[in-house]
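What follows is a short report on a single structure.
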Amino acid sequence: MNADAQLIAGRVLMAAAFIGPALSHLADSVNRRVATEVAMALVEVVAGLALAAGRQLRWVALAVAAFLVVDAFLAHDFWNAVPSDHRNQLLHFFKNLALAGAFSMLK
């Protein structure tokens with residue numbers, strides 16, 4: 001596999017990690033009729049599709065990286081989690097930071 005094909009495959013896999021959960025959030029948000037959550041899920045889906053397609057790659061990747069860092073601190077505050085949820089929030093917090101680092105390397 002040549003270097004370009006590897007980069008495309010990696011980019012598509014990274015986008016899938018973003019699109020999959022966003023589609024799930026979208027379905028839940030539509031069912032609960034929460035407009036802000038629907039809007040955020042749509043942004044996540046569109047950003048993931050743009051990443052997979054390579055459209056405006058650098059700008060989209062940096063925006064997604066920034067989003068993931070903010071989301072890590074706002075949505076996965078393991079330091080405030082109840083003991084039964086601490087490990088899960090810790091895992092998602094560092095997953096978001098790792099993904100943000102990976103997205104920031106895309107050019």
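Looking at Ile19, is it in a helix (DSSP H, G or I), closer than 22 Å to Lys107 by Cβ and either in contact with a helix residue (DSSP H, G or I) (Cβ under 7 Å, 6 or more places away or on another chain) or aromatic (Phe, Trp, Tyr) (or both)? For Ile19, the condition - in a helix (DSSP H, G or I), closer than 22 Å to Lys107 by Cβ and either in contact with a helix residue (DSSP H, G or I) (Cβ under 7 Å, 6 or more places away or on another chain) or aromatic (Phe, Trp, Tyr) (or both) - is met. Among the residues in the range 32-41, are any under 13 Å from the mean Cα position of the chain (by Cα), within 22 Å of Gln89 (Cα to Cα) and either surrounded by 13 or more Cβ atoms within 10 Å (Cβ to Cβ) or among the charged types (D, E, K, R) (or both)? Among the residues of the range 32-41, at least one is under 13 Å from the mean Cα position of the chain (by Cα), within 22 Å of Gln89 (Cα to Cα) and either surrounded by 13 or more Cβ atoms within 10 Å (Cβ to Cβ) or among the charged types (D, E, K, R) (or both), which makes the answer yes.
State whether the residues of the range 84-95 include one that is in the same structural domain as Ala9 (by TED's automatic domain parsing) and basic (Lys, Arg). Within the range 84-95 (the criterion being in the same structural domain as Ala9 (by TED's automatic domain parsing) and basic (Lys, Arg)), the answer is no, since none of the residues qualifies.
Look at (1) part of a helix (DSSP H, G or I); (2) loosely packed, with under 11 Cβ neighbours inside 10 Å and you find that Leu62 fails only one, number (2). Each residue in the range 7-56 was checked for being modelled with pLDDT under 90 and hydroxyl-bearing (Ser, Thr, Tyr), and 2 of them qualify. Screening Leu106 on (1) part of a helix (DSSP H, G or I); (2) modelled with pLDDT under 90; (3) not basic (Lys, Arg) shows it passes everything except condition (1). Candidates Leu57, Leu7: the one that is under 12 Å from Leu106 (Cβ atoms), in contact (Cβ under 8 Å) with a residue 40 or more places away in the chain and surrounded by 13 or more Cβ atoms within 10 Å (Cβ to Cβ) is Leu57. For Leu62, indicate whether it is modelled with pLDDT of 90 or more, not assigned by TED's automatic domain parsing to the domain that holds Ala3 and not small (Gly, Ala, Ser). Here the answer is yes, as Leu62 does meet what is asked. Any residue that is within 25 Å of Ala5 (Cα to Cα), in a helix (DSSP H, G or I) and polar (S, T, N, Q) - is there at least one of those in the range 77-85? No, the conditions are met nowhere in the range 77-85.
The values are calculated or read from the model by the stated rules, or taken from the named source; none is laboratory data. Note that this is a predicted model, so its numbers are computed, not measured. When we count neighbours, we look across all protein chains shown, and the Cβ atoms used for this are built from the backbone with ideal geometry, even at glycine.
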